[in-house]
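Everything below concerns the one structure shown next.
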Amino acid sequence: MVKTGLHKLIYIGLLAVLAASATISLGQTSDPNVPIKNLNFQAADIRSVIRFLADYGRVNVVVAPAVEGNVTIAITDVTWKQALEIIGKTYDLAVVFEEGSYIRILPAADYRKEVTEEKKALNEQENLVGLDTRVINISNSQAANVVDAVKSLLTQRGKVQADNGTNSIILQEVPNNIDRVVKFITQLDRPPRQIRISAQLLEVSSTSLTELGVDWTVNGATGGDVIDPVSGATVRETEHTTSQMLDEGRMTDRAGTFTITTIQSGWDLEARISALVSKGKGKIIAHPEITTVDNFEAKIQAGQKVPIKQFDESGNTVIKLEEVGTLLKVTQHITSENRILMKLTPERSTYEYDANGVIINTNNALTNVVVENGQTAVIGGLTTQDEVESKVGIPVLMDIPVIGNLFSYTRKKIENRDLVIFVTPTIVDNLASTGTGTTAP
C-alpha cells in the first residue's frame, strides 16, 4: 500500500511538471487516432514528453538511457505518432517501430551504428554458410537470356549459369536469398504473347492504284504526317534507295520514296483487292501468314536467287546466290493498351546484267507504326517500270505473212507498276489457335 501511494504521488508530480511547462488541448474524445488539437511544450523533459505521447497513443515505448534533455515544441492538429516522429527528427532521435507492437527510441547515431553492425554480421554469416544449389527448368524462353537479368539479384557469393542442352538454369546462392531469386526466375519464365502477321503483296499498275481507296498523292514533305482524305489514315514517308554493282563492289545512292499508311478499322480492303484482281488490273504475288513471338523479328520474302560470280582470296571463282525480290522484316511489340508497335523494313530489289557483272538495284526503308489489334498497315512506293510492246495495225492485213509489216507497227510504252504490301498483325491470345503459319523463331 505504501509503494502504491508513493507511485501515485510521483505520477501526480510528473503531471504537475508537465502542466507547468506545456499547454495541451486533447479535444473531446479519448480515441488515440484523433489528432491532438494543440501541443505546446516549453523546456519539458524529453523522456516525460515521450511517456505522455505513449500513454495517449496506448503503445509500448522503450527509451534508450542515452536519450535525455529538454523539449520545446509548439504544434497543432497532429496525431501522437506524428508528434513522436517530429520530435525524433528535431532532436536527432531514431523512432523505430519494431515488430511486436512496441517502439524503440534511441539516438540516431547509435541506430545507424546498430544497423551497420547487423549488416556486417549478416555478411559474415553469409560468407560462412554453405550455398544451396537449384536447377530451374526454363519452359518459355531461352535460359541464356534469363541469366543476365538474374545476376543483379545475387549476393557476392551467388553464381548462376545457363545449361543450353537442357535449357535450364543452375543457381548457387546463400539460403536466405535463394527463394527470392527462384521466384524472380519464375516470373520471367512466363509464356510469351504471340502475334499472327498476315501479309498481302499486291502488284498493281500505277494508274489503277487509287482504286484501292488510298490516295497516295496526298503525301507532304518526307518524314511528315498527312491525313489521307479517302481512308482517314495517317501517311508517313521515308526514303532510301541503293544501286549496287556486286561484281565490282560499287554502290551509288538514288532518291526513292516509301509511304506507310494505316487503314481505319472497318475498311473493306479485301473487296477492293478482289475487284482489282478480277479486272486484271492487279496481281497478288503472295499472301503469307506467320506467327511469331512478341519482340522477335519476322521475315517475309518473295523472289528468286540469282547466281553471282565472285572471287575468293586465292583468286578462285565462286558462285554466290543473292536473294532478289521482295523482302519485308517486321519486329512487333504489344503495348500495355494491347496496341501493336511494328518496326517495318520493306525492301524490293531487281537485277540486270552489265558488261562488268550483275547490277542489283535495292529499294528499302525503315519506319515505325502503331496500329490497333487487327488493323492493317499499308506500304506503298515500291515502283518498277516495265517496257510493254504491242503490235498495232490494220486488222486482217497486218496478219498477212511478209507484207503484213507494211500495214502494222510495233508500239512500245513504259508502264509503271507498284508493289503494295498490306500488313495485318493480330494478337493470338489462345496459343492453340495459331493457325497453319510458320512460327518464328
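The values are calculated or read from the model by the stated rules, or taken from the named source; none is laboratory data. The structure displayed is predicted, hence computed values, not measured ones. Cβ placement follows ideal geometry from the backbone for every residue including glycine, while neighbour counts extend to all protein chains displayed. The protein model used for the area step is the full one, side chains on, heavy atoms only, and it has no ligands, DNA or RNA in it. Shrake-Rupley method; radii C 1.70, N 1.55, O 1.52, S 1.80 Å.
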Checklist entry - What is the list of residues in the range 43-84 whose amide nitrogen lies under 16 Å from a point 7 angstrom out from the Cα of D92, following Cα to Cβ? => result 66-71
Checklist outcome for this item: Nearest-0.05 FRET efficiency for N177 and A43 at R0 = 41 Å, using Cβ-Cβ distance, is 0.25
Checklist outcome for this item: The FRET efficiency for K309 and S408, from their Cβ-Cβ distance with R0 = 30 Å and rounded to 0.05, is 0.15
Checklist entry - Once the principal axes of the Cα atoms of the range 77-209 are found, what is the range along each, listed largest first in whole angstroms? => result 84, 50, 23
Checklist entry - Modelled label-to-label distance, A108 and R190, 7 Å Cα→beta-carbon offset: nm? => result 4.0
Item to check | Pairwise FRET efficiency - E203 versus R134, Cβ, R0 = 45 Å, nearest 0.05 | outcome: 0.20
Item to check | Residues of the range 39-133: accessible area per residue with a 1.4 Å probe, Å² | outcome: 61
Checklist entry - With a sphere of radius 13 Å drawn around the Cβ of I50, what net charge do the other residues whose Cβ falls strictly inside it have (Lys, Arg +1; Asp, Glu -1)? => result 0
Checklist entry - Once label points are set 7 Å from the Cα along Cα→Cβ at both L366 and S278, what is their separation, rounded to one decimal in nm? => result 4.3
